[in-house]
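Everything below concerns the one structure shown next.
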Amino acid sequence: MTREPSHQDVRTLWRNQEMESYPFSLEEIRSQARRFQSQVRWRNLREYLASVVVVVVFGYFFFIMDDALLRLAAALTIAGVLYVCYQLQKRGSARKLPAEPALRTCLEFHRTELVQQRDLLRDVWRWYLLPFVPGFSLFLASQVMQAPWTRWGILLVWFVILFVGIGMLNQWAARRLQREIEALEKES
């Protein structure tokens, strides 16, 4: 038969338990989370504004071009931009910081947001860059038929450099977020 713990035993256990300690305060975590959420919102706003410019420019090209291939390239570019905006809204939006003043809740929220943005940046090739390939490919195909190779060759090199550069910058940012996640996990 097991003995029921006495009131004194429970009290002693409660007093002697290890308390969770965090190297940072609730306000520090809330501040970091707010700052990160603000950065995400500004990044998204910049992307949306750039998308409006691209849609207007390629919409203009769509209406003034006589070449059906170029018109299709412009339409596919616009479709790519709209897909990117949809993915950014769906997967990359900043959520509102919870009002709960608990440190654990703020830590979990901030970590979840960091993971979400890290995953978004890691996957940039698929949701951000790939949607522009069909439009650019058709544009390049029209140039191959009409222009000397130096013109379309320069366009191709520029496109590859731009895509690789954007991809590498986003991978670098994803690694930076991963280090933040690891530091947060180590400290909590």
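Here, each number is a calculation from the coordinates, and none is a lab measurement. Just so it is clear, the model here is predicted, and its values are computed rather than measured. Cβ placement follows ideal geometry from the backbone for every residue including glycine, while neighbour counts extend to all protein chains displayed.
What is the helix-to-structure angle for 68-92, meaning the angle in degrees between its Cα long axis and the longest Cα principal axis of the chain, kept from 0 to 90 and rounded to the nearest 10?
Between the helix axis and the principal axis of the chain, the angle is about 10 degrees.
May I ask you to sort Tyr128, Tyr60, Tyr83 by Cβ crowding, counting other Cβ atoms within 10 Å and putting the fewest first? Let's see the in-between values first.
On the way: Tyr128 22, Tyr60 11, Tyr83 15.
In order of increasing Cβ crowding within 10 Å: Tyr60, Tyr83, Tyr128.
Counting other C-beta atoms within 10 Å, which of Ser38, Ser137, Ser51 has the fewest, and how do the rest follow?
Final ranking by Cβ density, sparse to dense: Ser38, Ser137, Ser51.
Compute the angle between helix 26-64 and the longest alpha-carbon principal axis of the chain, please, reported from 0 to 90 degrees and rounded to the nearest 10.
It works out to around 10 degrees.
What order do you get for 73-80, 109-116 when each peptide is scored by the mean count of other beta carbon atoms within 10 Å, highest first?
Top of the packing list down: 73-80, 109-116.
For a bin width of 5 Å, list the pair-distance distribution of the chain built from all Cα-Cα distances, rounded to whole %.
P(r) over the chain, rounded to whole percents: 1, 7, 11, 14, 13, 10, 9, 7, 6, 5, 4, 3, 2, 2, 1, 1, 1, 1, 0.
What does the extension gain come out to for Leu155 and Gln39, with contour length at 0.36 nm per residue minus their alpha carbon separation?
Between Leu155 and Gln39, full extension yields 38.5 nm more.
With the dipole of the chain worked out from charges on the C-beta (+1 for Lys and Arg, -1 for Asp and Glu) around the Cα centre, which of Gly80, Ala173, Gln37 lies farthest toward the positive end?
The listed residue farthest towards the positive side: Gly80.
Given the Cα-Cα distance of Thr112 and Arg126 and 0.36 nm per residue of separation, how much length would full extension add, in nm? Before the final figure, lay out the partial values.
On the way: separation 14, 0.36 × 14 = 5.04 nm, distance 2.16 nm.
Net length gain for the segment: 2.9 nm.
Take the alpha carbon atoms of segment 143-188, find their center, do the same for segment 57-125, and report the distance between the two centers in whole angstrom.
Taking the Cα centre of segment 57-125 as reference, the centre of segment 143-188 is 16 Å away.
Efficiency by 1/(1 + (r/R0)^6): what FRET value for Arg175 and Leu82, r their Cβ-Cβ distance, R0 = 25 Å, to the nearest 0.05? Mind dumping the intermediate values first?
Values: r = 29 Å, r/R0 = 1.17.
Here the calculated transfer efficiency is 0.30.
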